[in-house]
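Before any comments, here is the structure.
The values are calculated or read from the model by the stated rules, or taken from the named source; none is laboratory data. Because the structure is predicted, anything quoted here is derived from the model rather than measured. Cβ placement follows ideal geometry from the backbone for every residue including glycine, while neighbour counts extend to all protein chains displayed. The protein model used for the area step is the full one, side chains on, heavy atoms only, and it has no ligands, DNA or RNA in it. Shrake-Rupley method; radii C 1.70, N 1.55, O 1.52, S 1.80 Å.
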Amino acid sequence: MRPLQGADLTFRKPHSTGMSVPGSPVAKTRVLVLEEHPLLRDGIADFLNAQPDLLVCGEANNIRATRGEIANCKPQLLVTALRLGTGDSLEFVKALKAEKPGLLILVYSAFEEAIFAERALRAGAEGYVMKTAPKEELLTAVREVLSGNIYVSRDVAMCAFKKSLELRPEHPAAPSAIGIEKLSDREMHIFYLLGSGLGNSQMAHSLKLSVKTIESHRENIKRKLDLSCSRDLVACAKKYVEETFLPPTKGALAMRGKKKVVHFPAA
């Protein structure tokens, strides 16, 4: 593990990316970009293509298209946004790593990294970057992942380190405000959708689950968060989404002191 410096902390893990021969052309790493918003997708692709050792071999705006692009252009790295609406990115990452364990995955998101960075890495991703980070950090994350490292921000790394200390017997962990860390990835997904204003039928349609399954997840969430009724659950979910979803950097000062509810469309 390298010492702390700048805004990131990386952890070494075994991985070989090959070596270039002096004087020979630089071998370009093939990158696939998954992002639903065309302007953001084009911006990321242009930025990565401007690097001498990177080549964006394909772009996709949804999970289904991504599978096709992977088969067509055979990328070495997938740079993907994190979605909690139609198409569960965490479940996709898990499935993709099971199918193609050699494919490196870097997740970027506007969702609270203290909660989702660990979940993304646990799903199989090699790195996590916030959308609010400068583009130079995205490039740093890409290069670290390609070098065989795991990339997270310094804040996330320090939080994980402190958490590991708290788990020691002499330092019992302090309870969180609402116990959100007790939720599974699927429950967290439903909790976010619920807090964004979706009802049971909309969530069932979006996630391709039965309404009964959604209701079962809601009951489990209530139990884990020690909430007595559905009204309290909805209120808790809405408050959590308002307080933890980070707005884009542009206009951030204007948003200070305001709350933002993000609505996820159904499929």
With all protein chains modelled, accessible area of Ser89 [1.4 Å, Å²]: 10
Euclidean distance between Cα centres, segment 197-215 to segment 133-156, Å: 35
Separation of the Phe47 and Leu139 label points, Cα + 7 Å toward Cβ, nm: 1.0
Rounded accessible area of Ile150 (nearest 10 Å², 1.4 Å probe): 50
Segment Lys94-Glu112, extension gain: residue separation times 0.36 nm, minus the distance between their alpha carbons: 4.5 nm
FRET E, pair Ala71, Glu242, Förster distance 45 Å, beta-carbon r, rounded to 0.05: 0.65
Segment 47-109: projected area of the alpha-carbon convex hull, averaged over directions, in nm²: 4.4
Computed label-point distance, nm, for sites Ser201 and Lys182 using a 7 Å Cα→Cβ extension: 3.2
With DNA, RNA and ligands ignored, accessible area of Val93 (1.4 Å probe; Å², nearest 10): 10
Förster radius 41 Å - calculated FRET efficiency between Ser210 and Arg30 (Cβ-Cβ, nearest 0.05): 0.55
